[in-house]
Every structure is written in structure tokens, then in C-alpha cells.
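Since the structure comes first, as C-alpha cells, the remarks are kept for the end.
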Amino acid sequence: MRQRVLVSSVVGVALVIAALDATFGVPTTRLRVALALLGALGVAALGGLSVARTRRDHPLVTRVLVTVVVVVIALVATARLSSNVDTDVAIGAAMTIVLLGLSFLTGSSGQISLGNGAFMGVGAFTVAIWANHHATSPLILVLVLAVAAGAAVGFLLGLPATRLRGPYLAGMTLAFAVAFGAVLNVFGSWTGGDSGLQLPNAENAPRWLVHLYPASTASLSVNSVWLAALSVVSAGVALLLMANLFASRFGRAMRLVRDNDVAAELVGISLPRARVVAFVVSAAYAALGGALWTVVNNAVTPSTYGLALSITILSLVVIGGIGTIPGAIIGGLIYAFANSLIGWITTHTGLNPQGNVASQLNGIIFGVLLVATIVFAPMGISGALRRLWAHRSR
Amino acid sequence: MIGVSGLSVSYGAVQALRDVSFSAAPGKITTVLGANGAGKTTLLRTISGLVRPRAGEVTLEGDRITGTHAEDIVRRGVGHVPEGRGVIAEFTVEENLRLGSLIVRRSRAERQAAFERLYGQFPVLGERRRQSAGTLSGGERQMLAMARALVAEPRVLLLDEPSLGLAPLVTAELMSTISQLCATTGLTVILVEQNAKSALRIADQAVVLYIGRVVADDRAEVVAADERLRQYYLGLVE
């Protein structure tokens, strides 16, 4: 029974992809095969989910399958979208990682941070500075370094955070966000001051991917597919780790730290240690997101990592739903497509794209969304969806 | 066995405990009684390391535990069920119990065996193991909080007003559970209560606090029979 469902779903997907190809025309057979395989993987995972009823018995299997489904959908999409949209996806997937980190800090341990934009900056500049001194380092090493740097800074900031609560903690992280730009300037010879840094060589698609794409396609678009895939897969790994963390002993302990810190101490949790670890995780996630931004943009500027970014991150966590994984994905998607939305608004309203209003549209959109979320969906979009779902299935 | 000697605690200028001394024996229930603000909760919080005393010490089986961190005191076998219980409403009964086993390294089978033992002691929890704690009644939540403290197999159990907000019938049931638990496991139980009548019914020893001082420390029946204590400190006037 189980096998029959699996086989039929795989065949089904292959057929769907073939039909899509016939409609839109995929340039090469190789790419078509690759997409079909990817789609089959996704549907196999879906089939496994629906058949196995693993949710309770094998939560880990469920999490892996769900992640595979989400990642495959994103990968199939990036292989077929225009390079502009691919860049948006790459940026949004990196933002999802950042949101996961802050969601863990705020949703699980109950701490608040206005400094996660600056933590992103730590990762972003780590990549740029390292690449400018060691141009040939493999990408994975550079990303790991950025995560380590973020974790280290998170640790330093987490130490005083153990003694601060609520608005005082917000104030301290705010100070970090504000000081970050000034610190970058002080080390101008390393960080390039106000103008930031360029990467010495752009991150190019590996040869196997170039082979999949027809020679006639501009190399730019292969590269943006590659960057989007890189970001999406990183986000998938981050997502899976976070889902396991949420469900782990430590994750459950953190819930008690948030809800009732006295009870947490009385079951033997060290509050300072738990709070520092939450900060480290959150900062490491933010740094990975920032590192990916540098790789995708091929450059880094300090003005990107100002206070506004930190506030945007916090708003997106609230809009998506604090402490939930779907919430982080929703927030990432909103961030990814805010730019397209702004483009659409400017072309349809005749607004000057270089004008004052257009440059502030980002803040206006997130602000309106934030207010709307707080009024209509206090648990965030993911919370509202969950309630809708519970209501319908009743 | 818990020994408290010469314990003084202050919050800033306010002195919450003054030179408090008593001891609690294993297999016995020692109840600490007194009005609001007598220092009962402070006493428990000091024993479990949440509050540092200004003077005096607490000993566990003769070893001094004052000055150690709360999480170390839990590890050494002091379970504390705080006022208000502190269970997580969205977690299931069993997930709440698992929070109690954070400090003990055990295999999955050993942990499950420990849970089954507790479900034997608290049958209601066994029936509702997959239900979220938010759906439990007040009495059931108190049982859950106690069971969570017992997962780590402590030698001492500190209970802070378990009867808070419970109906008289539920309180009576809870008290008999505590009494059985103590008799069968040889736990040292320190029971803080405002509800002096119910507490004295099951307690072996009673300590009465009044504005931070011990005004009586005697066998429970003696305290229960003392007209002066009943009138002035326990509010038990017929």
C-alpha cells in the first residue's frame, strides 16, 4: 500500500513536470531530467509524509521530510524563475535564517534583541574581510567562519544580557546596533569605511550546474540560480536544525525559562547559561544570513546593517509569528518580495522610483503590515493560519 | 533530612526571616504555617537556593547547602514545587514531566519506567498523559507539578501552598496523596500552607512563623491543640 502510493506519486510528479516543460519549454534535456528528479524527490517526501503518519512516532523523520519538501519546491522554482526573482529568493531565504534565530531567542527564551541586524553585519563583514585576504578559501569554510564570528559576538553580548530583562535588554542590544556602524568606521582600513568592501571574485556556479544549463543562457542567470540554491539549501539546513532544537531537551527547557523562570531554576536549569546559549544561537543564525547576503550581493556596505534592519527583522518575526518555524518562512517570503511589490507600486502609480516616498516604501509596507498583524492576527500570520485550519477541520 | 539553623533573610530594609531554626525528618511531613507575609515562601526559597540568606545555614543530610546555586541544590535531591505550580499549559502532561528529568541522565527506557511509576502514584496523570496541561483542573495541575519534581527522585520535597485555589474536597484528596507519598517513599516533606486545618491533619511536625520568627515548633497534634496558637497565629477560631 505504502509503496504503491510512493510510486504513483513519483510518476505523478514526473508527469506534472513534463507537462510544465511542454508548456513553458525548458531549454535542455539535462535540466528537464534534473528537475524531474528533484520533483520526484519532493513528492516522494510528500508521499512518505501522508502515508507514514510519522508525526508522533518519528518526529525527526517528519521534520526531515517537511524540510525536503520545502527545499525542493524552492529549488524547482529557482531553476525556472528569472534571475531577478532568483536574487530575491536568495535574499529572502537568508532572511528566513535570521528570523529563525530571533524567533528562537524571543519565542523560546523570551528575550528581545534589537541587535540582530548588527549580528548579520558581523557575518557579512567576516565573509568580505576574509575573502579579501584569502581569496581562494572554499565557500563552506568562509560561511563557517562567519557563523563562528557571529556566535562569538553573541556570546559577549549575551553575558550582560543574563542580568537584563525586557526594556533594559532591548536598550542594550539597541546600543549595539547603533554602535556597530561606528565600530566599523574605526577599523576603516579593514572594513573599507563607509563604502564597504567588494568580494575579490564573485561566487560562480559550479561546472555541473553550468552543464545543466544551455550554453545560450547568459551566465548571469546560471549564477543567480546557483546563489538562490545555495541560500535555499542553507536555509533548509538551518530550518531542520532549529526544528530539532525547538523539540530538544534544551528547547523545551527554554520554554520554561520564558514562561516561569523560577520553575525553570527549580527543575535544575541554569538561567544565565540558558540565556547566553539562546543569544549565541540567535547571533550565529543572524551571522549566517548576513554572510549569505554578502555572497549573493558580491559586496557589503555598512549602511545595510544599521538600526533600520534590526527593527525590520523584529517586525518580520512578529508579522510571521513569534517562536514558530512557518512564521520565519513567511517573514522571509514577505521580505523577499517586498522589493518586487515596491517596483509594482512605483510603475502602477507613476511614483518616481528614485523619489523620497519610493525610498521609504519599505518601511511603510512593513509598518502597515505590523500594525495590521497586531490588530487582526496577534499571534502572527502563522498563528492566524493555524487557527483558521483548526476551525475548518472541526 | 533538612536542618535549618539561625536563618536570617532580608529584602533590602525588610527582614523576612529572623533567626529561624528547625529540622525536618525523613518519612515525615513538617508543615510550616503562618499568615500572609510570615516568611513561609521565603523560607522555602532560601532552602532551595533561590534566595541567599544574610546569616545562618541550611544542611542536607548534614552537608551545608547554603551558598550553592539553585540548580546544584536540585541535583543534590531537593525538589521544590513553587507557588502557582509553573507547569507549561501548551505542553502535554508527559512533556511537562520530561522537563523534570532534565537534570538526570537516563536511558529512554529508564525514563519511561520512572514515568510509569509516577502514573501509578498519580493515576489521573496517567489517564491524561497526552492531554495538554492547560486542560487539567487546578488539583490535577498541582499533582503534575509534584510529579515533575519527583521525576528526579529527590530526597526532600518542598511544597509551597499546594491547596492554593482548590476546593475543600480537592484539597482533602491532595493532602491524602501527599501523606501516602511521604509514608511509602520515605521522603522528607516540608509543606508550607495557609490552610492550617488541612495541613495539620496530615503533618507530623508543625512550625509556626510569625513575621519572620518561629513562634512554635512541636508535634502537629500539640500545635493543633494549642488554643493560643490557634487563635492568634493560625486564625482557627470556632
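Brief remarks follow.
- Candidate set: segment B:38-78, residues that are of a type in the set (Ser, Thr, Tyr) and under 26 Å from B:Arg141 (Cβ atoms); chosen: the one most open to solvent (accessible area, probe 1.4 Å): B:Thr41
- Residue in segment B:212-233 that is in a loop (DSSP other than H, G, I, E, B) and of a type in the set (A, V, I, L, M) present: no
- Matching strands (runs of 3 or more DSSP E) fully within segment B:1-70 where at least 1 residues are touching a Cys at 6+ places or on another chain (Cβ under 7 Å): B:29-33
- Restricting A:Val186, A:Val178 to residues that are without any contact (Cβ under 8 Å) to a residue 40 or more places away in the chain and either surrounded by 14 or more Cβ atoms within 10 Å (Cβ to Cβ) or over 16 Å from the mean Cα position of the chain (by Cα) (or both) narrows the list to A:Val186.
- Exactly one residue among B:Leu158, B:Leu144, B:Leu166 is closer than 20 Å to B:Val32 by Cβ and either among the hydroxyl-bearing types (Ser, Thr, Tyr) or under 15 Å from the mean Cα position of the chain (by Cα) (or both), and that residue is B:Leu158.
- Counted as qualifying within segment B:95-199 are the helices (runs of 4 or more DSSP H) with 3 or more residues that are in contact with a Lys or Arg (Cβ under 9 Å, 6 or more places away or on another chain) and over 25 Å from B:Ser23 (Cα atoms), namely B:108-121, B:138-151.
- Highlighted here are the helices (runs of 4 or more DSSP H) found entirely within segment A:216-288 that include at least 2 residues which are charged (D, E, K, R) and over 21 Å from A:Ala90 (Cα atoms): A:249-259, A:261-266.
- Candidates A:Arg249, A:Arg255, filtered to the one that is over 14 Å from the mean Cα position of the chain (by Cα) and surrounded by fewer than 20 Cβ atoms within 10 Å (Cβ to Cβ): A:Arg249
- Residue list for segment A:269-298, filter: open to solvent by less than 10 Å² (accessible area, probe 1.4 Å) and within 14 Å of another protein chain (Cβ to nearest Cβ): A:Ala274
- Residues located in segment A:325-359, provided they are part of a loop (DSSP other than H, G, I, E, B) and either in contact (Cβ under 8 Å) with a residue 12 or more places away in the chain or in contact with a helix residue (DSSP H, G or I) (Cβ under 9 Å, 6 or more places away or on another chain) (or both): A:Leu351, A:Asn352, A:Pro353, A:Gly355
- Under the condition of being under 20 Å from B:Thr184 (Cβ atoms), in contact (Cβ under 8 Å) with a residue 40 or more places away in the chain and away from every other protein chain (no Cβ under 14 Å), the residues counted in segment B:94-140 number 2.
- Tallying residues that are over 16 Å from A:Leu105 (Cβ atoms) and basic (Lys, Arg) within segment A:253-268 yields 0.
- For segment A:97-138, a residue qualifies if it is open to solvent by 10 Å² or more (accessible area, probe 1.4 Å), under 27 Å from A:Ser270 (Cβ atoms) and modelled with pLDDT of 90 or more, and the qualifying residues are A:Thr106, A:Leu114, A:Val122.
- Filter result for A:Gly42 (of a type outside the set (S, T, N, Q) and at pLDDT 90 or above): no
- Each residue in segment B:12-39 was checked for being in contact with a helix residue (DSSP H, G or I) (Cβ under 8 Å, 6 or more places away or on another chain) and not hydrophobic (A, V, I, L, M, F, W, C), and 4 pass.
- Candidate set from segment A:335-394 (those that are of a type in the set (S, T, N, Q) and under 22 Å from the mean Cα position of the chain (by Cα)); member that is most open to solvent (accessible area, probe 1.4 Å): A:Asn339
- Test result for A:Ile330, at pLDDT 85 or above, farther than 20 Å from A:Ala308 by Cβ and surrounded by 12 or more Cβ atoms within 10 Å (Cβ to Cβ): yes
- A count restricted to segment B:79-116 and to residues that are open to solvent by less than 40 Å² (accessible area, probe 1.4 Å) and charged (D, E, K, R) stands at 2.
- Any hit, segment A:230-240, residues being open to solvent by less than 40 Å² (accessible area, probe 1.4 Å) and within 14 Å of another protein chain (Cβ to nearest Cβ): no
The values are calculated or read from the model by the stated rules, or taken from the named source; none is laboratory data. Nothing here was measured: the structure is a model prediction, and the numbers come from that model. As a convention, Cβ positions derive from the backbone with ideal geometry for all residues, glycine included, and neighbour counts pool all protein chains shown. Remember, those area values only see protein heavy atoms, side chains included, never the ligands or the DNA or RNA. Shrake-Rupley method; radii C 1.70, N 1.55, O 1.52, S 1.80 Å.
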